[in-house]
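Student: Quick one: structure below, then a few questions.
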Amino acid sequence: MTFAVPEVDEPVIVQGITGRYGGLHAGLMLRYGTNVAAGVTPGRGGQAVEGVPVYGTVKEAADKTGARASILFVPAPALLSAAEEAVGAGMRLLVAITEHVPIRDTLKMIRLCEESGARVIGPNTPGIIMPSRRLKLGIMPSPSFREGGVALFSRSGTLMYEVADALTRGALGQHIALGVGGDPVNCTTLTECLDWAAEVDDVRSVVIVGEIGGDAEERLAEHIIDTRFPKPLVAYIAGRSAPKEKHMGHAGAIIYGDYGTAESKIAALREAGAKVAMTTSEIPAIVRASRSEGEGHSPPRSSKSP
Amino acid sequence: MRLFEYQGKELFSKYGIRVPRSKLAGDESQALSAVEEIGLPAVIKAQVLSGGRGKAGGVVLVRTKDEAKREARRVLGLRVGGEHTRALLVEEASEHTQEMYLSVSLNRGRREFVALASRSGGTEVESLAKGAMVEVPVPLEGLTDDDSYTLSTKVGLYGRTSSEFRSILLKLERLSREEECELAEINPLAVRFDGSLVALDSKVVLDDNALFRHPEFSQLPPEDPLEGEAAKFGFAFVRLDGDVAVVGNGAGLVLSTLDLVSDFGGRAACFLDLGGGAQRDRVEAALRLVRGLPNARVILVNIFGGITRTTDVAEGLKGVLSEAPMALVFARISGAEEEEARALLSGAGVAVFRTPQEAALAAVKAVSR
């Protein structure tokens, strides 16, 4: 199952645009070149933020603009109902920046996606940026990102910026950079991002920024093997030195026993044929090297026994 | 938020899950009158949130009044994993033939809740062989009678024990769903001689993000004053036992900085994530906080400015440094106006570097001198 990212100049809407954060980032997205066509805040229809008209409902905003994608800056208690409203009004892609979302609300958003075919990125995500489309549905600092052939998928926000910055300085632009979110459960998984990257010709290589906690990277590694993922993949895992049973900032970044350790993730990814960087600064060189292996790149063996 | 055993058992009772008779005691004399009321033999249990309570001597069976008095005093003075005993739970001693395990928890990878059970529970649960634990997925609307049969059959129960198990499972799952728990665990779930079941312990972890829907639960202020300070500013803060205090903006960024310190042979004194942005006041508050860490000899700051003006961050650093002498500060500041930020800090007692590697290496070298 994959997803569609808005094309160049395709209209997008901002839910929660009248908030301080929503308004700030609506302006930054506009200045990046994204077509922020409308904002939505219940009860605030008729206002304007950064010259963008505000509507009281997503339905109105969708009818007026034809937008099919939305970025949400609504408070955590309102996120689930805002997402339901957006999907009901025809939104196909939702980027949920909101953090501190109850886990059961996230699970309900996953079911909403399964039932409607819509896609939620997040919650607790920095969003998506696609420099070639001047598309920014997110809060990332755009100067760190340049157009190119890398697909960058990250569980962490600032670490995604850091890695994008290093790639950009190393003349390795990005076709897309997407944060899956720092929560224990993400509506869109790293594995789903990989499926997306497999189908997009403009993606020449993939960089994964993982971290301790959960088993998303282990599942990703299995998926690389099972699907014989055809493109070079470089991974970095933060938290090799982290203690056990402590939440390291992200709600998702916690090790229980042997579950969620960096060692387990690094071993699984290596087993799947990925190159693993030990520091963020060595990522560009490894990406370059794995690309120049070019046709010599052979898909790893299948995990399924014959 | 993790609940104390007694709070978890109050929830169990509310949902109709049988627990032993018990009474909470805040001091020695309350403990003695609780023993009086519950009767002997009784079990005295330290109320702490840290694991390893049993091994630390925090659970003890008492048979006489003298023993009760002596043990109540001892357990009240106990520390488990650095945490003081907050209260005692005095409980009737429960005779039983078997200890099982039952919980409802989140399976992150499968992105659903699951009910887990095992015929053997208690302290052995962690060393259980794979396959000894059986499970059923928990739908968002809750478990059905059929689901409870499935799990009971997988565990291999029959007769009264099976019917009690199924009833407790459905109650525990409803508790988990309605109170929005990350984890609701009964371990051990004891089987008595007549086949009936009783919850001897509770481990309940509420979803912090859902507490706005459950105002009846209030967070205890942390025992550690620095953790309290961090909570006030919304910082993610973890004390560690090394000497390099690590501060940065963004959980992943700080984690990766800890790794650098460790790779260079250093040891971090803390993890402090001041949040995605890097506003001046937050940088200042974070520095004041880590200044209070007795084990921190140097401070390593890693700020990826992004849309924040790094000159703001630099002004913040300078401001705090001018207040009081403090540990050596090594900083990597990247983002808008970084040259100006570096200029501002030259001569202010902060060594500024272009990359996290350089800053981490310098910080580690400074403490190993």
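What follows draws every value from the coordinates through simple rules; no lab data is involved. The structure displayed is predicted, hence computed values, not measured ones. No Cβ is skipped: glycine too gets one built from the backbone with ideal geometry, and neighbour counts run over all protein chains shown.
Student: Which FRET efficiency, nearest 0.05, do B:Glu36 and B:Phe264 yield, Cβ-Cβ r, R0 35 Å?
Tutor: Once the sixth-power term is evaluated, E becomes 0.05.
Student: Right, something else. Would you mind checking the range B:260-297 for residues with the amide N under 16 Å from a putative spin-label position 7 Å along Cα→C-beta of B:Ser322?
Tutor: In the range B:260-297, the label zone of B:Ser322 (backbone N under 16 Å from the point 7 Å along Cα→Cβ) covers B:280-281, B:284-285.
Student: Given a Förster distance of 45 Å, report the FRET efficiency between A:Glu84 and B:Asp194 from their Cβ-Cβ distance, rounded to the nearest 0.05. Provide the component values of the computation, followed by the final result.
Tutor: On the way: r = 49 Å, r/R0 = 1.09.
Efficiency, rounded to the nearest 0.05: 0.40.
Student: Here is a follow-up. Can you pull out the trypsin sites (Lys or Arg not before Pro) in the range B:63-98 whose DSSP state is coil and whose Cβ has at most 16 other Cβ atoms within 10 Å?
Tutor: Here the sparse-neighbourhood loop sites are B:Arg63, B:Arg86.
Student: Continuing with the same structure: Once you average over the residues of A:135-146, how many Cβ atoms of partner chains fall within 10 Å of each Cβ?
Tutor: Details: counts 0, 0, 0, 0, 4, 2, 7, 2, 5, 5, 0, 0.
Mean number of neighbouring Cβ atoms from other chains: 2.
Student: In cubic angstrom, how much convex hull volume per residue do the alpha carbon atoms of the range B:153-284 span?
Tutor: On the way: hull volume 25.6 nm³, N = 132.
Dividing the Cα hull volume of the range B:153-284 by its residues yields 194 Å³.
Student: Once fully extended, how much extra length lies between A:Asp258 and A:Asp202, figured as 0.36 nm per residue of separation less the alpha-carbon to alpha-carbon distance?
Tutor: Full extension from A:Asp258 to A:Asp202 adds 16.4 nm.
Student: Determine, for B:Leu61, B:Leu40, A:Leu172, the number of other Cβ atoms within 10 Å of each Cβ, and report the residues in order from fewest to most.
Tutor: On the way: B:Leu61 12, B:Leu40 15, A:Leu172 23.
In increasing order of surrounding Cβ atoms, one gets B:Leu61, B:Leu40, A:Leu172.
Student: Report the calculated FRET efficiency for A:Lys64 and B:Arg288 (r = Cβ-Cβ distance, R0 = 51 Å), to the nearest 0.05.
Tutor: Efficiency for this residue pair is about 0.55.
Student: Please state the charge dipole magnitude for the protein assembly as shown, taken about the Cα centre, from unit charges on C-beta atoms (+1 on K and R, -1 on D and E), reported in debye and rounded to the nearest 20.
Tutor: It comes to approximately 760 debye.
Student: In the range B:7-155, if every C-alpha pair distance is counted and binned at 10 Å from zero, what percent goes to each bin?
Tutor: Each 10 Å bin holds this share of Cα pairs: 10, 31, 32, 20, 7, 0.
Student: Let me ask another. Between A:Thr279 and B:Asp66, what is the spin-label point distance in nm, taking each point 7 Å from the Cα along the Cα→C-beta axis?
Tutor: Computed distance between label sites A:Thr279 and B:Asp66 equals 6.6 nm.
Student: Mean shadow of the protein assembly as shown, computed from the convex hull of its alpha carbons, in nm²? Let's see the in-between values first.
Tutor: On the way: hull surface 129.7 nm².
For the Cα atoms of the protein assembly as shown, the hull's average projected area reads 32.4 nm².
Student: Looking only at other chains, what is the average number of their beta-carbon atoms within 10 angstrom of each beta-carbon in B:200-211?
Tutor: On the way: counts 0, 0, 0, 0, 0, 0, 0, 7, 5, 14, 8, 2.
If you average over the peptide's residues, the count of other-chain Cβ atoms is 3.
Student: Find how much the distance from B:Ala348 to B:Leu183 grows on full extension, using 0.36 nm per residue of separation minus their present alpha carbon separation; answer in nm with one decimal.
Tutor: Gain in length upon complete extension: 54.5 nm.
Student: Points 7 angstrom from Cα along the Cβ direction at A:Arg111 and B:Gln219: gap in nanometres?
Tutor: Those two pseudo-labels are separated by 2.8 nm.
Student: Would you please calculate the Kirkwood hydrodynamic radius of the range A:1-47 over all C-alpha pairs and express it in Å, rounded to one decimal?
Tutor: 11.6
Student: While we're here: Order of B:144-152, A:101-109, A:120-128 by packing, highest average Cβ count within 10 Å first?
Tutor: Values: B:144-152: 15.8, A:101-109: 21.8, A:120-128: 27.3.
The most tightly packed comes first, giving A:120-128, A:101-109, B:144-152.
Student: Quantify how strongly other chains surround peptide B:102-110 by giving the mean number of their Cβ atoms within 10 Å of each of its Cβ atoms. Intermediate values should be presented prior to the final figure.
Tutor: Working: counts 0, 0, 0, 0, 5, 3, 13, 9, 3.
Whole-number average of other-chain Cβ neighbours for B:102-110 is 4.
Student: Among B:Glu83, B:Glu179, B:Glu141, which one shows the highest mean-square fluctuation when chain B is modelled as a Gaussian network with alpha-carbon springs under 10 Å?
Tutor: Sorting by GNM fluctuation, first place goes to B:Glu141.
Student: Separate question: Once you list every other residue whose beta carbon is under 14 Å from the beta carbon of B:Gly319, what net charge do they have if Lys and Arg are +1 and Asp and Glu are -1?
Tutor: After counting each charged neighbour, the total is 0.
Student: Taking other Cβ within 10 Å of each residue's Cβ, how do A:Tyr236, B:Tyr158 sort, fewest first?
Tutor: B:Tyr158, A:Tyr236
Student: Right, something else. Could you pull out which residues in the range B:96-119 have an amide N less than 19 Å from a spot 7 Å beyond the Cα of B:Ser163, following the Cα-Cβ vector?
Tutor: none
Student: Starting from the Cα-Cα distance between B:Ser50 and B:Tyr149, subtract it from 0.36 nm times their residue separation and give me the gain in nm to one decimal.
Tutor: The B:Ser50-B:Tyr149 span can extend by a further 32.2 nm.
Student: Moving on. Percent of Cα-Cα pairs per 10 Å bin, from 0 to the last occupied bin, for the range A:178-249, please list those.
Tutor: 17, 51, 25, 6, 0
Student: Using Cα-only point scatterers and the Debye equation, what is log10 of I(q)/I(0) for the range A:140-292 at each q in 0.12, 0.14 Å⁻¹, rounded to two decimals?
Tutor: -0.44, -0.60
Student: Could you sort B:99-110, A:10-21 so that the peptide with the highest average Cβ count within 10 Å comes first and the rest follow in order?
Tutor: Going from most to least packed, we get A:10-21, B:99-110.
Student: Follow-up. For the range B:52-105, build the convex hull from the C-alpha positions and give me its volume per residue in Å³.
Tutor: In the range B:52-105, the Cα convex hull volume per residue is 124 Å³.
Student: Right, another one. Calculate the spin-label point distance for B:Thr355 paired with A:Arg228, positioning each point 7 Å from the Cα along the beta-carbon direction, and give it in nanometres.
Tutor: With each label point 7 Å from Cα toward Cβ, the separation is 3.8 nm.
Student: Just how many % of Cα pairs in the range A:12-121 lie over 24 Å apart, if you round to the nearest whole percent?
Tutor: Tail of the P(r) past 24 Å holds 16 percent of the pairs.
Student: Further question on the same structure: Report Rg (one decimal) and Dmax (nearest whole number) for the range B:225-368, counting Cα atoms only, units Å.
Tutor: That works out to 13.2, 37 Å for Rg and Dmax.
Student: Which entries in A:Lys136/A:Lys275; B:Lys23/B:Lys55; B:Lys55/B:Lys171; A:Lys246/B:Lys9; B:Lys23/B:Lys45; B:Lys55/B:Lys203 show an alpha-carbon gap greater than 19 Å?
Tutor: Listed pairs above 19 Å: A:Lys136/A:Lys275; B:Lys23/B:Lys55; B:Lys55/B:Lys171; A:Lys246/B:Lys9.
Student: How big is the Cα convex hull of chain A in projection, averaged over all directions, in nm²? Show your work: numbers first, answer last.
Tutor: Numbers: hull surface 61.7 nm².
One quarter of the hull surface, i.e. the mean projection, equals 15.4 nm².
Student: If you don't mind, another one. Please state, rounded to one decimal and in Å, the Kirkwood hydrodynamic radius that the range B:98-213 gives when every pair of distinct Cα atoms enters the mean of 1/r.
Tutor: Hydrodynamic radius (Kirkwood, Cα only) of the range B:98-213 equals 14.2 Å.
Student: Report, for chain B, the % of DSSP beta bridges that are antiparallel, rounded to 5.
Tutor: So the antiparallel bridges amount to about 70 percent of the total.
Student: What size of dipole, in debye to the nearest 20, comes out for the range B:1-88 about its Cα centre when the only charges are +1 on Lys and Arg C-beta atoms and -1 on Asp and Glu C-beta atoms?
Tutor: Charge dipole, the range B:1-88, about its Cα centre: 240 debye, nearest 20.
Student: For a protection proxy built on the mean count of beta-carbon atoms within 10 angstrom, sort A:206-213, B:360-367, B:226-233 highest first, please.
Tutor: Result, highest mean first: A:206-213, B:360-367, B:226-233.
Student: Dipole magnitude of the range B:168-313 about its Cα centre, charges +1 at Lys/Arg Cβ and -1 at Asp/Glu Cβ only, in debye to the nearest 20?
Tutor: About 380 debye.
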